[in-house]
Amino acid sequence: ELHYRLLLYYENCRSMSKPTDSELAILQILWDKGEASVKEVHEELNAGRPDEKAYTTTLKILQIMKDKGLVEREAQGRKHIYRPSSQKKETQKQLIQDLLLSAFKGSTSALVMQALGSSDTSEEELEEIKSLIEKMQKTRK
């Protein structure tokens, strides 16, 4: 059953494009801003970095992201405005689902235990997690 679910999931995701780390950094900026020009993305990416990336690198990554369907582009005169093609939560859900199935064999509890065990979880975060679990339990009854 689990192997069938994994196979089915990967078949369905074959057409979906998983963002690279650099693409995720750009998506974070676009999710925060809603939309941005190449210059705005470039400046935000390089803010506080000692190893500044070239403007052409940012432009090329955005062009690749457009080809992959991760962003949409609109021409405004000579300037191109980029916006994310999907909501942040949708992309996070896709990435977590991929991680869950590929690294944890579909075990949500193993994923959560690893996440909680590998970082300093604040009391506030623990309360938020408890609240979410209680809410999920109520909706399943």
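Do the conditions hold for E127, that is, is it of a type outside the set (A, V, I, L, M), open to solvent by 90 Å² or more (accessible area, probe 1.4 Å) and within 24 Å of T20 (Cα to Cα)?
Details: of a type outside the set (A, V, I, L, M): yes; open to solvent by 90 Å² or more (accessible area, probe 1.4 Å): yes; within 24 Å of T20 (Cα to Cα): no.
Considered against the rule, which asks whether it is of a type outside the set (A, V, I, L, M), open to solvent by 90 Å² or more (accessible area, probe 1.4 Å) and within 24 Å of T20 (Cα to Cα), E127 comes out as no.
Could you tell me whether Y55 is touching a Lys or Arg at 6+ places or on another chain (Cβ under 8 Å), open to solvent by 80 Å² or more (accessible area, probe 1.4 Å) and not basic (K, R)? I'd like the intermediate steps shown before the answer.
Working: touching a Lys or Arg at 6+ places or on another chain (Cβ under 8 Å): yes; open to solvent by 80 Å² or more (accessible area, probe 1.4 Å): yes; not basic (K, R): yes.
When the stated conditions are applied, Y55 passes them.
Contact annotation: residue pairs with Cβ atoms under 7 Å, 6 or more positions apart or on different chains, pairing a residue in region 91-105 that is over 14 Å from L27 (Cα atoms) with a partner that is charged (D, E, K, R), are D98/K18. When the residues of region 65-79 are filtered to those that are in contact (Cβ under 8 Å) with a residue 40 or more places away in the chain and open to solvent by 60 Å² or more (accessible area, probe 1.4 Å), the one that is farthest from I26 (Cα to Cα) is K79.
Per-residue answers, yes or no, for (1) over 22 Å from T20 (Cα atoms); (2) among the polar types (S, T, N, Q):
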{"residue": "H42", "(1), (2)": "no, no"}
{"residue": "P50", "(1), (2)": "no, no"}
{"residue": "T56", "(1), (2)": "no, yes"}
{"residue": "V71", "(1), (2)": "no, no"}
{"residue": "K88", "(1), (2)": "no, no"}
{"residue": "M113", "(1), (2)": "yes, no"}
{"residue": "T121", "(1), (2)": "yes, yes"}
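The values are calculated or read from the model by the stated rules, or taken from the named source; none is laboratory data. Just so we're clear, the structure is a prediction, and the values are computed from it rather than from any experiment. Quick reminder, even Gly has a Cβ in these numbers, built from the backbone with ideal geometry, and neighbours come from all protein chains shown. Heads up: the accessible areas ignore ligands, DNA and RNA and are worked out on the full protein's heavy atoms, side chains in. Shrake-Rupley method; radii C 1.70, N 1.55, O 1.52, S 1.80 Å.
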